[in-house]
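A short worksheet on the structure shown next.
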Amino acid sequence: MDFTPSPDQSALTSAIDRIASRFETTPTEFHGFALDGVELERELESGQYFDIAAIPEMGPIAAALVVERLARLPCTAEIALSMLVRPQLDIELPRPFAVIENGRPGRFVATAKTLVLIDGAQVSVAHPSPEDVEAVESLYAYPMGRLAGKLSATPLAAEQAAGVRTWLRIACAAEMAGLMQAAIDATVEHLSVRKQFGRPLGTFQALRHRMAECAVLAGGVRRLALKAAWTGDAGDAALAALHAQESATRLIYDVHQMLGAMGMTLEMSLHLWTYRMKALLSELGGRGAQAEAVADYCFGAGQGSIER
Amino acid sequence: MNFDWDQEQQEFRSTVRAFLAEHLPDNWEELAHGPGSAAQTEFSKTFCGALADAGLLVPHWPKEWGGREADPWISFILAEEMWAAGEPRGGQYMNVNWIGPTLMRFGTQEQQARYIPPMARGETLWCQGFSEPEAGSDLASLRTRAERDGDNYRINGQKIWTSYAGAADTCFLLARTDAGKRGISIFLLPMDTPGITVRQIPSIIGEGDIHEVFFDAVELPASARLGEEGQAWDIIRLSLSLERVGIPRFALASRMLRRAVGTLQRENRFDAGAVQQAARAHAACEATRLYSYNIIDQRCQGQPPGPEASAARFATVNAERLVAEFVVEHVPEALAGGDALLLAHHQRAIVAGIASGAAEIQLNLIATELLQLPREPR
């Protein structure tokens, strides 16, 4: 048990920090929903960062650290699926990746070169042509897209499908951890400078306690996500995704409440994190389905449901 | 960064589990019910003596005091396994975790020679005389007075909500020797000193847990003072930092959640609603476990105590609450004669946010120190 990044992991996160530092601010002229990180993606591609999980001294935990860090940026790019799910399928598969669940619009679908299609219990993989997919306008702070027609797809065997679900859960939790932290940071900044009744909002205990509870939840999500990335265990993944979706549901409400009307405007950047979180809330069936997965993997037969 | 246990840690956990399997009597779960009952106090002395004989009572203590200087992971694994078993050490866990180490650091040779060996043999029980009727979360406002009279001090005042006071041999007492926060001193007070009256207050937590303690002109020698006059705050801060995570409550909560789920599964009662709540409680327990491990890891690296410890404590409160609520809603018979250890867990879980400092104080600390929000006006 060691929570300190290894020298290799530290070198990686420092390099990622340097890249991220150039994308920390939202362009003042931007008043949209999704801030597309085209430049960021190009940098990551040229540095071959999308393949780090496959490097033995790095592994998926290093990829999860990167996903979490980059999710804190106001801009977004398809990072989590490429870094954490793609290596489990085939690192040679073309990216960007996207997921379509039961025919619904999904993140990055319009630009994806590999699609993971989830239809009920079945998981399949397809490689769409540009005419197979289309962009859709949405409130979510990701570029959203959907299928424009029928697509031929290759079904995965049950075991591989279960593995994909596990890593989708880990990717979701790692990304959520970064989004939660960024939303907290933005809210803390607001509470520290915005004054009402003659003093900063952050001095009012009613708000301080709610923010502290959000911070505790976010820290738990981060640790569960990293552990799941280390073990690759289906139960750990389900726990991480459940805690992420459950905690984000509350956190999104709280941080918007604290930014008041300012947080409703597209001039503030809060929605760039909260409306990414909202897109993740429903993934893989949402928190209800994650709870069922926890029960299957952690309380199921042979999983030690009978306490020792 | 890795989340694996090394071989020594795995073997140590197995050793502790084997010890528990061998030494806990068949009626242990019934005994576990009253955390300060006469029966449990008596059992804890036998049990801690056996732990000491096996080298499992104070492995993290210095060799000179009977330990082997094991690292914080070993003492935390020990604490996890003990708490998960229902804490058969009873109130002696306090000796092991912080009272002994505090005396090693601040005690005189005479105090160390008198008090530490019985702790290392598992023979003695302490209580902590902190809270008072007007000094709960605002501990610094305590009023119990220790007046100097030649070579002695005379103690007058009252403590309340004192755990184990009815059975304790010695009290780790905070009393006022001067005005203000810096006017508080610590005394090591034998509980058989004339002038002490202990009254148990019946509580939801179980027999022998909560007491009032009255001090009526209690005389004790100046040599019973720990550290200098007015040094209490510094000593307490340091001694509590020895115990940064506190009790690994998640360990029993997690075990009891599994037991409750097992009961429901066996009886075909693990319905969709129960699945949802059990999974959320399990996630909260596991998040808390990782928070606690993170803090133990920081301690191993020699890092100073940070605000994450407060976050870990608050996460613990959440997890305890979710498990206790799950049991009440889905295995209600546990609180009505159905399962002694589930009952004992419930009684311990309900004080998770109160004992050793209100959870809301932790939230204040998180807001100020972790989030760096501006402080509240005073």
Selection within the range B:65-94 - of a type outside the set (A, V, I, L, M, F, W, C) and part of a helix (DSSP H, G or I): B:72, B:75, B:80, B:81, B:92, B:93
From B:281, B:274, residue being under 30 Å from residue B:27 (Cβ atoms), of a type outside the set (Phe, Trp, Tyr), in contact (Cβ under 8 Å) with a residue 12 or more places away in the chain and surrounded by fewer than 21 Cβ atoms within 10 Å (Cβ to Cβ): B:274
Selection status of residue A:56, at pLDDT below 95 and within 14 Å of chain B (Cβ to nearest Cβ): yes
Count of residues meeting criterion [more than 10 Å from chain B (Cβ to nearest Cβ), among the β-branched types (Val, Ile, Thr) and assigned to a helix (DSSP H, G or I)] in the range A:153-203: 3
Condition met for residue A:78 (part of a loop (DSSP other than H, G, I, E, B) and surrounded by fewer than 20 Cβ atoms within 10 Å (Cβ to Cβ)): no
Enumeration of residues in the range A:122-152 that are within 30 Å of residue A:271 (Cα to Cα) and in a strand (DSSP E or B): A:133, A:134, A:135, A:136, A:144, A:145, A:146, A:147
Evaluation of residue A:182 against (1) in contact with a Phe, Trp or Tyr (Cβ under 7 Å, 6 or more places away or on another chain); (2) surrounded by fewer than 20 Cβ atoms within 10 Å (Cβ to Cβ) (one fails), failing number: (2)
Subset of the range B:353-374 that is within 8 Å of another protein chain (Cβ to nearest Cβ), of a type in the set (A, V, I, L, M) and out of contact with any Pro (no Cβ under 7 Å at 6 or more places or on another chain) - its residue that is nearest to residue B:249 (Cα to Cα): B:363
Top-ranked residue of the range B:194-225 - restricted to ones that are over 23 Å from the mean Cα position of the chain (by Cα) and in a loop (DSSP other than H, G, I, E, B), ranked as nearest to residue B:157 (Cα to Cα): B:195
Where residue B:253 falls short, out of the listed (1) assigned to a strand (DSSP E or B); (2) under 20 Å from residue B:340 (Cβ atoms): (1)
Residue match in the range B:327-349 (condition: among the hydrophobic types (A, V, I, L, M, F, W, C), surrounded by 24 or more Cβ atoms within 10 Å (Cβ to Cβ) and over 21 Å from the mean Cα position of the chain (by Cα)): yes
Considering residues of the range A:143-169 that are more than 17 Å from residue A:98 (Cβ to Cβ) and touching a residue at least 60 places away in the same chain (Cβ under 8 Å) only, the residue farthest from the chain's Cα centre (by Cα): A:160
The range B:351-378 residues that are part of a helix (DSSP H, G or I), paired with ones that are crowded, with 18+ Cβ neighbours inside 10 Å and of a type in the set (Phe, Trp, Tyr) (beta carbon under 6 Å, 6 or more apart): B:359/B:314; B:362/B:314
Residue match in the range A:2-19 (condition: of a type in the set (Phe, Trp, Tyr) and at pLDDT 95 or above): no
Unique match (being in contact (Cβ under 8 Å) with a residue 40 or more places away in the chain and surrounded by 24 or more Cβ atoms within 10 Å (Cβ to Cβ)) among B:299, B:259, B:313: B:313
Complete set of residues in the range B:18-54 that are within 14 Å of chain A (Cβ to nearest Cβ), surrounded by 15 or more Cβ atoms within 10 Å (Cβ to Cβ) and under 23 Å from residue B:72 (Cβ atoms): B:20
Helices (runs of 4 or more DSSP H) (entirely within the range A:204-302) containing at least 2 residues that are away from chain B (no Cβ under 14 Å) and in contact with a Phe, Trp or Tyr (Cβ under 9 Å, 6 or more places away or on another chain): A:270-281
Matching option when the condition is closer than 26 Å to residue B:165 by Cα and in a helix (DSSP H, G or I), among B:44, B:14: B:44
Check on residue A:53, more than 15 Å from the chain's Cα centre (by Cα), in a helix (DSSP H, G or I) and farther than 27 Å from residue B:1 by Cβ: no
Filter result for residue B:347 (part of a helix (DSSP H, G or I) and facing chain A (nearest Cβ under 9 Å)): no
Single unsatisfied condition, residue A:25 versus (1) in contact with a helix residue (DSSP H, G or I) (Cβ under 7 Å, 6 or more places away or on another chain); (2) farther than 30 Å from residue A:236 by Cβ: (1)
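The values are calculated or read from the model by the stated rules, or taken from the named source; none is laboratory data. These numbers come from a predicted model, not from an experiment. For neighbour counting, all protein chains shown are included, and Cβ atoms are generated from backbone atoms with ideal geometry for every residue, glycine included.
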